[in-house]
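**Student:** Once you've had a glance at the structure underneath, I'll fire off some questions.
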Amino acid sequence: MSEFRLFLKPGREKSIRQKHPWIFSGAVDKTTGDPDPGETVEVYDSRGKWLARAGYSPHSQIAARIWTWDPGQAVDADFFRQLILQASELRKPLKEYTDGYRLVHAENDGLPGVIVDRYGAFLVVQFLSAAADRWKSTLTMLLSRLEGVEGVYERSDADVREKEHLPAFAGLLHGDEPPERITIREGGWHFLVDIREGHKTGFYLDQRDNRRILHDLVSTFIHNGNVLNVFSYTGAFAVAAYSAGAIHVLNVDSSQAALEAIRDQFSVNGLTDAPQAFQAGNAFEVLRAFRDQKRQFDVVILDPPKFASSQKDLYKAARAYKDINWLATRITRPGGLLLTFSCSGLVGEDLFQKIVFSATLDAGRDAQILNRLGQPMDHPIRLTFPEGQYLKGLACRIL
Ligand code: SAH
């Protein structure tokens, strides 16, 4: 039992009873005992009934994140050990296929604010809330004891730390310094991951299932295909397309460093003869130029960064999604494939489908959805926490 208490305003306990883990600052009546950031607080409704035990974030709009709804459950090292073991159990079946996977998906694994990605013998962690940060040394110790772990590296440089008044931090927390690039195995492919400088924790693990789906669609429907991989990052989709028999993949990204990494990505996959075509630039401009030149591709992949980070960006984001999908539809040949994604949590599946619908309609085309795309099982979505879903996509055949 913590000495600190957080009382909710009247009528604000419903979502907590429904096991949603966030307590918004607007729902808080008062806290007693002056808890420090990250401290565990006991949560009560306005009538003084105990509801949950949570980690306190005084500087954030999310004032507390719930650790447990069980009055008998202490928040201590043993509690975290159990959750990490459960998370690890869930991923066990993946290990045969890959040694790169998300080990802990924050709220969805019962660990608000904690992200852990595994790349071979190295773990990359992000502590994204005050409470997660406060338990950093315990969590690091527990993670370092997992089988085969040689090093734990922190990449808490995500923007969300600012909202918690936490400084950005990146560096080694435990064990050996990771090599400059780690090679992970995924099915028959290999991917190079730069955990220090790469995006997020180094690699887009969340696209794993979609790489496989792209591979299967291309090898089934597209012969000697000409592929445009927009927002390519280090070319993981390009590897999948080439191994499915594509003859040319043009990779477009604004990051020169990401494009430069593609060469080695191809070589670790034995694609030494594959044409290496890269174009650095703003995807919107590149796509517009291709449309003006009336270029046509058999397959177009669109995997943009998050356009909407808050509700106020939503309208602008929807316009931007529509814009690139309209352009992409125009340059996909009839009978060709368009794989289009959104990783904005605020853009739901329905809205995304409507955006793609209106983009294809305006482009004077129709399309068939062949697959609905999402995030893989190591990025689970807790039913009580719909915010856990962020990645969605459509694999369409353009008509
Ligand atoms: N498809 C990639 C992940 C893409 S993440 C994969 O499977 O690994 C989004 C990418 O978009 C990043 O690599 C980022 O550098 C790039 N990017 C962001 N804004 C861009 C823009 N306006 N034009 C082109 N690329 C952009």
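The values are calculated or read from the model by the stated rules, or taken from the named source; none is laboratory data. These figures come from a predicted structure and were not determined experimentally. With ideal geometry, Cβ positions are generated from the backbone for all residues, glycine too; neighbour counts draw on all protein chains shown. For accessibility, only protein heavy atoms count, side chains too; no ligands or nucleic acids. Shrake-Rupley method; radii C 1.70, N 1.55, O 1.52, S 1.80 Å.
**Student:** When residues of segment 97-124 are filtered for being among the acidic types (Asp, Glu) and in a strand (DSSP E or B), how many remain?
**Tutor:** Residues that pass the stated criteria total 1.
**Student:** Is there a residue being more than 14 Å from the ligand (Cβ to nearest atom), open to solvent by 10 Å² or more (accessible area, probe 1.4 Å) and either among the aliphatic types (A, V, I, L, M) or part of a loop (DSSP other than H, G, I, E, B) (or both) anywhere in segment 247-257? Lay out the reasoning, then the answer.
**Tutor:** Applying the first criterion (more than 14 Å from the ligand (Cβ to nearest atom)) to segment 247-257 yields 247-248.
From what is left, the residues that are open to solvent by 10 Å² or more (accessible area, probe 1.4 Å) are 247-248.
Now drop any that are not either among the aliphatic types (A, V, I, L, M) or part of a loop (DSSP other than H, G, I, E, B) (or both), which leaves 247.
Yes.
**Student:** Return the total of residues in segment 205-225 being of a type outside the set (Asp, Glu), open to solvent by 30 Å² or more (accessible area, probe 1.4 Å) and either touching a Gly at 6+ places or on another chain (Cβ under 9 Å) or within 16 Å of the ligand (Cβ to nearest atom) (or both).
**Tutor:** Going through segment 205-225 one residue at a time, the tally reaches 7.
**Student:** How many residues are among the acidic types (Asp, Glu), within 25 Å of Ile247 (Cα to Cα) and more than 18 Å from the chain's Cα centre (by Cα) when one looks only at segment 298-348? So that I can check it myself, show each step before the final result.
**Tutor:** We begin by selecting, within segment 298-348, every residue among the acidic types (Asp, Glu); these are 298, 303, 313, 323.
Okay, now just the ones that are also within 25 Å of Ile247 (Cα to Cα), so 298, 303.
Add one more test, that the residue is more than 18 Å from the chain's Cα centre (by Cα), and what stays is 298.
Result for segment 298-348: 1.
**Student:** Still on this model: Can you tell me which residue among Val227, Val218 is more than 30 Å from Tyr153 (Cα to Cα) and part of a strand (DSSP E or B)?
**Tutor:** Result: Val227 is the single residue among Val227, Val218 that is more than 30 Å from Tyr153 (Cα to Cα) and part of a strand (DSSP E or B).
**Student:** Say whether the condition of being under 23 Å from Gly187 (Cβ atoms), assigned to a loop (DSSP other than H, G, I, E, B) and more than 9 Å from the ligand (Cβ to nearest atom) is met by at least one residue in segment 276-294.
**Tutor:** yes
**Student:** Considering only residues of segment 42-53 that are closer than 16 Å to Gly26 by Cα and outside any loop (DSSP other than H, G, I, E, B), which is most open to solvent (accessible area, probe 1.4 Å)? Step through it out loud before you land on a result.
**Tutor:** Let us first name the residues in segment 42-53 that are closer than 16 Å to Gly26 by Cα, namely 43-46.
Remaining after also requiring outside any loop (DSSP other than H, G, I, E, B): 43-44.
Details: Val43: 0, Tyr44: 17 Å².
Among them, the one singled out is Tyr44.
**Student:** Would you mind telling me which numbered condition in (1) closer than 21 Å to His379 by Cβ; (2) more than 12 Å from the ligand (Cβ to nearest atom); (3) among the small types (Gly, Ala, Ser) Gly202 fails?
**Tutor:** (2)
**Student:** Also, quick follow-up: Among (1) more than 29 Å from Leu192 (Cα to Cα); (2) open to solvent by 40 Å² or more (accessible area, probe 1.4 Å); (3) not small (Gly, Ala, Ser), there is one condition Glu96 misses while meeting the rest; what is its number?
**Tutor:** Looking at each condition in turn, Glu96 falls short on (1).
**Student:** Which of the residues spanning segment 337-363 are in contact with a helix residue (DSSP H, G or I) (Cβ under 8 Å, 6 or more places away or on another chain) and either assigned to a loop (DSSP other than H, G, I, E, B) or of a type in the set (Phe, Trp, Tyr) (or both)?
**Tutor:** Phe341, Cys343, Ser344, Gly345, Leu346, Val347, Phe352, Ala363
**Student:** Based on this model, can you work out whether Ser2 counts as open to solvent by less than 60 Å² (accessible area, probe 1.4 Å) and at pLDDT below 95? Explain how you work it out, then say what you get.
**Tutor:** On the way: open to solvent by less than 60 Å² (accessible area, probe 1.4 Å): yes; at pLDDT below 95: yes.
Here the answer is yes, as Ser2 does meet what is asked.
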